[in-house]
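Trainee: Got a structure for you, questions after.
The values are calculated or read from the model by the stated rules, or taken from the named source; none is laboratory data. Not measured: the values here are computed from a predicted model. Heads up, the Cβs are rebuilt from the backbone with ideal geometry, glycines too, and the neighbour counts pull from every protein chain shown.
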Amino acid sequence: MLRYALKRLISLVISLAVASVVIFTVIEVAPGDPASFMLGVNAQPDTLAALRAELGLDVSRGQRYLNWVGGMLVGDFGTSYTYRTPVSQMIADRLWVSLPLALYALILSTLIAFPAGLYAAARRGRPGDLAVMGATQLGIAVPNFWFAMMLVLIFAIDLPWFNAGGFAGWDEGLWTGLHSLTLPALALALPQGAILARVMRSSLLDIMGEDFMRTARAKGLSRRQALWRHGVRNALIPVLTIIGLQFSFLLAGSIIIEQVFYLPGLGRLMFQAISARDLIVVESVVMLLVFAVVSVNFLVDLAYAAVDPRLRNRI
Amino acid sequence: MSRSLILGAVLSCLVLLAALVSFVWTPHEYAALNIPDKLQSPSAQHWFGTDHFGRDIFSMIMVGARTSIAVALVAVGIGMILGVPLGLAAAAYKGSWLDEGIMRGNDLVFAFPSLIIAILITAVFGAGAINAIIAIGIFNIPVFARITRGAALSLWEREFILAARVSGKGAARISAEHILPNVANLLIVQGTIQFSLGILAEAGLSYVGLGAQPPTPSWGRMLADAQTMVSFAPHLALIPGLAIVVTVLGLNLLGDGLRDWLDPRIRVART
Amino acid sequence: MIRQTLRTFGSVLALSVGFLTTQAFAKSDITIAMQLEPPHLDPTSAAAQAIDSVVYTNVFEGLTRFMGDGSIVPGLADSWEISDDGTVYTFRLRDGVTFHDGTSMDAEDVKFSLDRATADDSANAQKSLFDGIETVEVIDPLTVRITLSEPNGNFLFNLAWGDAVIVAPETIGDIKTNPVGTGAYTFGEWVQGDSITLNRNPDYWGDQPALETATFKFIADPSAAFAAMMAEDVDVFDNFPAPENLPQFEADPRFQVLVGSTEGETILSTNNRQAPFDDIRVRQALAHAIDRQAIIDGAMFGYGTPIGTHFAPHHPAYVDLTGQSAYDPDKARALLAEAGFADGFETTLHLPPPSYARRGGEIIAAQLAEVGITAEIINVEWAQWLESVFKGKDFGLTIVSHTEPMDIGIYARPDYYFQYESTDFQALMDLLNTTNAPDERAKLMAEAQRLIATDYVNGYLFQLAKLGVAKAGVQGLWENAPTAAIDLTQISWSE
């Protein structure tokens, strides 16, 4: 197990190293100079040169890459070109919106998926199952930004139950914060919940075909009792994997939803930074998201291997 | 044949038909502006109404289907053409440095948040249909590589492959002659799923302005254009949204139906 | 804040209580939304207009200042004398003005600010405003003498810009995140990505303004802007990004709509040195191929004034030359045929992010297609636009609103991105710069407008409208935008 973990860890580090080179190269190739963006059309050449020097843009690309990676290793993400504040601080601030949003969406999606999946599995082939499966098909097919537009139209404009967007900050209280994240979380959760419900159902159905479930039924438990006592726990493993993978997906996927609801999260930060050519912010945000995905995959792999030793020999 | 297969086939064909017919006929010239007639509700003249430039929405939806299908189809093509051989090679040389390299490369691509990378790609090389195809296509490669490798690995253990080996056939030839035909069903099913995901991805990219550029209509951009007008012209947002839903729903049902029909045992990864 | 918390419960009871509390605390705060967030808060080292919108006249003041009608009035300078030859300005500063940190504002600060702006390593985005300043001398704590190398009819106007505000040497270090000025409002808090709060300055030298606090909220997305305004999350939207929504606000008694003018001449900039646009017949054909009214109706939903030259219609010296480039596709086709492009040609149309450009560009591309010109639309971010269009001059056509006031002088710069080179025009501008008599100046300006219209330098589209939306009770908002500013000192709530 330890050897396996070590092997996965090495490949994680290599992945991150390659990712950092790719990200840096792609972003540095992009046309557009942060200094001339900040100073606008009437900037004079000497002014531009002064600003470029101040921003540290006058050193070579290779040196900038080393500075960036070296800084990240000790937790220093550098200083934003436009905001002039530490990038780590900016990212931390935005994470306080994006992370709770992703978590909230994950909880909502699980709350939708579990009962729906259980219900459908228990009524396999009957109208209830068909209805749930039809609904999840629809849920998967709906683009989340379009669903978000419809939610705003109905629950913020026609019915004034929610704010159309914005985030007042957690200082205003937990309830206020959650309230302003509800519509965005719902928009994010619907397609994920639909996928999760299908996974839940099919994994329950697989379990029901297993011997120990037949034994349970033979012992006189009803189909529903057997499902509850033995099925759910065993069906959870694939479901938890999907949840793990969905979390990093939700974190990255909130980028468009944050635009729709003008939430000051990581996605908004990235769009702003791209248009201002605040390269160091873009690089760091993307790197952070890659890191999140890679480490979640790593943890999922480890968890799998812990549950099922046979997997350790694969790769 | 299941109900979902039939329903999925009908919906998919409907969209495909609209896209094909748009090459020869649309009720109105799709790019023609007619500003005095802007923002009309659906009527006998304009079946789906007109947009903010007075263009006929029905015609734009038809041509938009073309855009969506073209982008998603080519992106799936890229994924298959590059991913399937990689997967076959990885399975053929299981455990070798080649296998290791391909699988690590897969993990690396999977580790990138696809939407964000697509945004970066289009920011660097410019927004447009071609770059959208590339951005979506890149992320299809590891999907096909992984699923091909997985299916091929189990085939390599089977007797008929052993027989072929004994008769002196090389790994490449076995992969092409014996493995590939046996994973084809799986690839068709996965291809349908990736196709529907591609439609959604194209819609998302063009919604943030990074897909096909005007005057080429695209559903995602129609939604983006409609966003400020939903409160007084909801049909602008409803119709393109429903077009996406119908297409994706149709393809998903088709994929599920095909899977059950072709081989009830195979499992398809849905990322 | 109380209202916000209560609203979340959503009950009628809570809402009615909230209603009562707002009445009781009677409107001494305001939330003003704007589309862009400032990158930082130093107006003297960036071009971003969002900085000026927040801090100009509120936190920072200059020697002179703009009023809402575009006039220039004394700011921190009480009065001034100009020498007969127009090269020496002696400013008398207001007495008893302090910065927000308690230190006094005196002649040394003025000298510091102007020297900083003109220094070699200055990061001022509008450094040319200060061209010609030879010396800044401190005569006594309240008197400053500025000597120019040659007379400059625009000097007092230049000093009113946000790029020329007075800053203090003691606090310059962290001006970008904690601005300390002399204005009626002090910097409160900045929640990055969301809002900036300003508080009333009790020690302000002038009249105390009506509002105690003001919050600037940043809402980039036009549909979010509509929703936020409709839900009354914000009280004012400074420059509303979606003209298509204005009729709904106009029809709603809770809101008022303020339609004014900006200094933005929106033009179809043409690369005058790139073939085929180096042929005046082709440029004239472009001008006749464009239906301005269709663009204003389609892209701006009717808001905007057609222009026929690069000059603001609300300026007294404006000449209406729209007739000279009236919509006439047949004439455009004939001109193209004459220039050897009977079958049209292909070019590029670079469009920056604002909707006037993106929507206007789609319409123009369709109109050009009517006369046989294929314009490939390329949507770009501003940073890309600056790099490839403005600096690289790698474009055929582009749409931009030139928002700086009185900027016809850019046509005298042959290396400016549209690359118009006319010695006649340059001579005209030289003459204008040294002319002080108002009617003489007006005559020269009219001549300049005619010259660029006759040379069909660019396609002149419309003057960008300023579209403000506010709750019905808000008073004192600027209707026009002579410069980017939200002057809080004038704003109050009616009963």
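Trainee: Run A:PRO191 past the list (1) at pLDDT 85 or above; (2) more than 10 Å from every other protein chain (Cβ to nearest Cβ) and report the number of the one that doesn't hold.
Mentor: Going through the list (1) at pLDDT 85 or above; (2) more than 10 Å from every other protein chain (Cβ to nearest Cβ), A:PRO191 breaks only (2).
Trainee: If you scan the stretch C:122-140, which residues turn out to be in contact with a strand residue (DSSP E or B) (Cβ under 8 Å, 6 or more places away or on another chain) and not in a loop (DSSP other than H, G, I, E, B)?
Mentor: C:ILE133, C:GLU134, C:THR135, C:VAL136, C:GLU137, C:VAL138, C:ILE139
Trainee: Something else now. Do any helices (runs of 4 or more DSSP H) entirely within the stretch C:229-318 hold 1 or more residues that are touching a residue at least 40 places away in the same chain (Cβ under 8 Å), under 26 Å from the mean Cα position of the chain (by Cα) and surrounded by fewer than 23 Cβ atoms within 10 Å (Cβ to Cβ), and if so, which?
Mentor: C:246-251, C:292-300
Trainee: Pick from A:GLY166, A:GLY177: which is outside any helix (DSSP H, G or I) and within 14 Å of chain C (Cβ to nearest Cβ)?
Mentor: On the way: A:GLY177 fails: outside any helix (DSSP H, G or I).
Every option except A:GLY166 fails the conditions.
Trainee: Scan the stretch B:116-123 and give yes if some residue there is touching a Phe, Trp or Tyr at 6+ places or on another chain (Cβ under 7 Å), in contact (Cβ under 8 Å) with a residue 24 or more places away in the chain and not hydrophobic (A, V, I, L, M, F, W, C), otherwise no. Spell out how you get there, then give the answer.
Mentor: The initial filter retains those residues of the stretch B:116-123 that are touching a Phe, Trp or Tyr at 6+ places or on another chain (Cβ under 7 Å), namely none.
No, there is no match, as no residue in the stretch B:116-123 is touching a Phe, Trp or Tyr at 6+ places or on another chain (Cβ under 7 Å), in contact (Cβ under 8 Å) with a residue 24 or more places away in the chain and not hydrophobic (A, V, I, L, M, F, W, C).
Trainee: Restrict the check to the stretch A:19-36 and report whether at least one residue is in contact with a Lys or Arg (Cβ under 6 Å, 6 or more places away or on another chain), facing chain C (nearest Cβ under 10 Å) and part of a helix (DSSP H, G or I).
Mentor: Looking through the stretch A:19-36, at least one residue is in contact with a Lys or Arg (Cβ under 6 Å, 6 or more places away or on another chain), facing chain C (nearest Cβ under 10 Å) and part of a helix (DSSP H, G or I).
Residues checked against (1) on the phi > 0 side of the Ramachandran plot; (2) modelled with pLDDT under 85; (3) within 14 Å of chain C (Cβ to nearest Cβ); (4) crowded, with 24+ Cβ neighbours inside 10 Å:
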residue: B:ILE174; (1), (2), (3), (4): no, no, no, no
residue: B:ILE179; (1), (2), (3), (4): no, no, no, yes
residue: B:LEU187; (1), (2), (3), (4): no, no, no, no
residue: B:ILE199; (1), (2), (3), (4): no, no, no, yes
residue: B:SER206; (1), (2), (3), (4): no, no, yes, yes
residue: B:PRO215; (1), (2), (3), (4): no, no, yes, no
residue: B:SER218; (1), (2), (3), (4): no, no, yes, yes
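Trainee: While we're on this one: Restricting to the stretch A:112-126, give me the number of residues that are touching a residue at least 60 places away in the same chain (Cβ under 8 Å) and surrounded by fewer than 23 Cβ atoms within 10 Å (Cβ to Cβ). Spell out the reasoning first.
Mentor: Start the filter on the stretch A:112-126 by keeping residues that are touching a residue at least 60 places away in the same chain (Cβ under 8 Å), which leaves A:112-114, A:116-118, A:120-122, A:124.
Going one step further and asking which of them are surrounded by fewer than 23 Cβ atoms within 10 Å (Cβ to Cβ), we end up with A:112, A:114, A:118, A:122, A:124.
Matching residues across the stretch A:112-126 total 5.
Trainee: Looking at the stretch C:8-121, what helices (runs of 4 or more DSSP H) fall wholly within it and have at least 1 residues that are modelled with pLDDT under 85 and either at negative phi or surrounded by fewer than 16 Cβ atoms within 10 Å (Cβ to Cβ) (or both)?
Mentor: Ranges flagged: C:12-25.
Trainee: When you scan the stretch C:375-393, how many residues do you find that are within 10 Å of chain A (Cβ to nearest Cβ), surrounded by fewer than 18 Cβ atoms within 10 Å (Cβ to Cβ) and either outside any helix (DSSP H, G or I) or modelled with pLDDT of 90 or more (or both)?
Mentor: Of the residues in the stretch C:375-393, 1 are within 10 Å of chain A (Cβ to nearest Cβ), surrounded by fewer than 18 Cβ atoms within 10 Å (Cβ to Cβ) and either outside any helix (DSSP H, G or I) or modelled with pLDDT of 90 or more (or both).
Trainee: Also: Filter the stretch C:86-126 for residues that are among the hydrophobic types (A, V, I, L, M, F, W, C) and within 14 Å of another protein chain (Cβ to nearest Cβ) and give the result.
Mentor: Across the stretch C:86-126, the qualifying residues are C:ALA117, C:ALA119, C:ALA123, C:ALA125.
Trainee: Next question. For the stretch C:178-202, what are the residues that are hydrophobic (A, V, I, L, M, F, W, C) and surrounded by 20 or more Cβ atoms within 10 Å (Cβ to Cβ)? Walk me through how you get there before you give the answer.
Mentor: Restricting attention to the stretch C:178-202, the residues satisfying the condition of being hydrophobic (A, V, I, L, M, F, W, C) are C:180, C:184, C:187, C:190-191, C:196, C:198.
Scanning the stretch C:178-202 gives C:VAL180, C:ALA184, C:PHE187, C:TRP190, C:ILE196, C:LEU198.
Trainee: Would you call B:ILE119 more than 10 Å from chain A (Cβ to nearest Cβ), out of contact with any strand residue (DSSP E or B) (no Cβ under 9 Å at 6 or more places or on another chain) and among the β-branched types (Val, Ile, Thr)?
Mentor: It is false that B:ILE119 is more than 10 Å from chain A (Cβ to nearest Cβ), out of contact with any strand residue (DSSP E or B) (no Cβ under 9 Å at 6 or more places or on another chain) and among the β-branched types (Val, Ile, Thr).
Trainee: Could you list, in sequence order, the residues of the stretch A:133-160 that are more than 9 Å from every other protein chain (Cβ to nearest Cβ) and either in a loop (DSSP other than H, G, I, E, B) or touching a Lys or Arg at 6+ places or on another chain (Cβ under 7 Å) (or both)?
Mentor: Answer for the stretch A:133-160, where residues must be more than 9 Å from every other protein chain (Cβ to nearest Cβ) and either in a loop (DSSP other than H, G, I, E, B) or touching a Lys or Arg at 6+ places or on another chain (Cβ under 7 Å) (or both): A:THR136, A:LEU159.
Trainee: Going through the stretch B:70-110 one residue at a time, which ones are farther than 19 Å from B:ALA129 by Cβ, of a type in the set (Gly, Ala, Ser) and in a helix (DSSP H, G or I)?
Mentor: B:GLY83, B:GLY87, B:ALA89, B:ALA90, B:ALA91, B:ALA92, B:GLY101, B:GLY105
Trainee: Okay, next question. Do we find that A:ARG84 is outside any helix (DSSP H, G or I) and among the basic types (Lys, Arg) in this structure?
Mentor: yes
Trainee: Being aliphatic (A, V, I, L, M) and either in contact with a Cys (Cβ under 8 Å, 6 or more places away or on another chain) or away from every other protein chain (no Cβ under 14 Å) (or both) is the filter; apply it to the stretch C:152-176 and report the residue that is surrounded by the fewest Cβ atoms within 10 Å (Cβ to Cβ).
Mentor: In this case the residue turns out to be C:LEU156.
Trainee: Looking at the stretch B:47-69, which of the residues that are in a helix (DSSP H, G or I) and among the hydroxyl-bearing types (Ser, Thr, Tyr) is farthest from the chain's Cα centre (by Cα)?
Mentor: B:SER59
Trainee: Now for a separate question. Please verify whether B:ALA31 is in contact with a strand residue (DSSP E or B) (Cβ under 8 Å, 6 or more places away or on another chain), within 28 Å of C:PRO243 (Cα to Cα) and either in contact (Cβ under 8 Å) with a residue 24 or more places away in the chain or part of a helix (DSSP H, G or I) (or both), treating the condition exactly as stated.
Mentor: Considered against the rule, which asks whether it is in contact with a strand residue (DSSP E or B) (Cβ under 8 Å, 6 or more places away or on another chain), within 28 Å of C:PRO243 (Cα to Cα) and either in contact (Cβ under 8 Å) with a residue 24 or more places away in the chain or part of a helix (DSSP H, G or I) (or both), B:ALA31 comes out as no.
Trainee: What number of residues within the stretch A:140-190 are touching a residue at least 24 places away in the same chain (Cβ under 8 Å) and of a type in the set (A, V, I, L, M, F, W, C)?
Mentor: Total satisfying the criteria: 22.
Trainee: Next question, about the same structure. Give me a count of the residues in the stretch A:25-47 that are surrounded by fewer than 18 Cβ atoms within 10 Å (Cβ to Cβ) and of a type outside the set (Ser, Thr, Tyr).
Mentor: 7
Trainee: Now for a separate question. Cβ-Cβ distance below 6 Å, separation of 6 or more or different chains: which pairs start in the stretch A:53-64 with a residue that is free of Cβ contacts under 8 Å to residues at least 40 places away in the same chain and end on one that is assigned to a loop (DSSP other than H, G, I, E, B) and surrounded by 15 or more Cβ atoms within 10 Å (Cβ to Cβ)?
Mentor: Qualifying pairs under 6 Å: A:LEU55/A:TYR81.
Trainee: Name every residue in the stretch C:361-374 that is closer than 30 Å to A:VAL29 by Cβ and either within 14 Å of chain A (Cβ to nearest Cβ) or of a type in the set (Gly, Ala, Ser) (or both), in order of residue number.
Mentor: Across the stretch C:361-374, the qualifying residues are C:GLY361, C:ALA365.
Trainee: Give the stretch B:221-239 a look and list any residue that's more than 8 Å from chain A (Cβ to nearest Cβ) and under 21 Å from the mean Cα position of the chain (by Cα), or say none.
Mentor: Passing the criteria: B:ARG221, B:MET222, B:ALA224, B:ILE239.
Trainee: Quick one: in the stretch A:43-74, of everything that is within 14 Å of chain C (Cβ to nearest Cβ) and assigned to a loop (DSSP other than H, G, I, E, B), which residue is nearest to C:PHE390 (Cα to Cα)?
Mentor: That would be A:ALA43.
Trainee: Okay, next question. Quick one: is A:VAL97 more than 7 Å from every other protein chain (Cβ to nearest Cβ) and in a loop (DSSP other than H, G, I, E, B)?
Mentor: In short, no.
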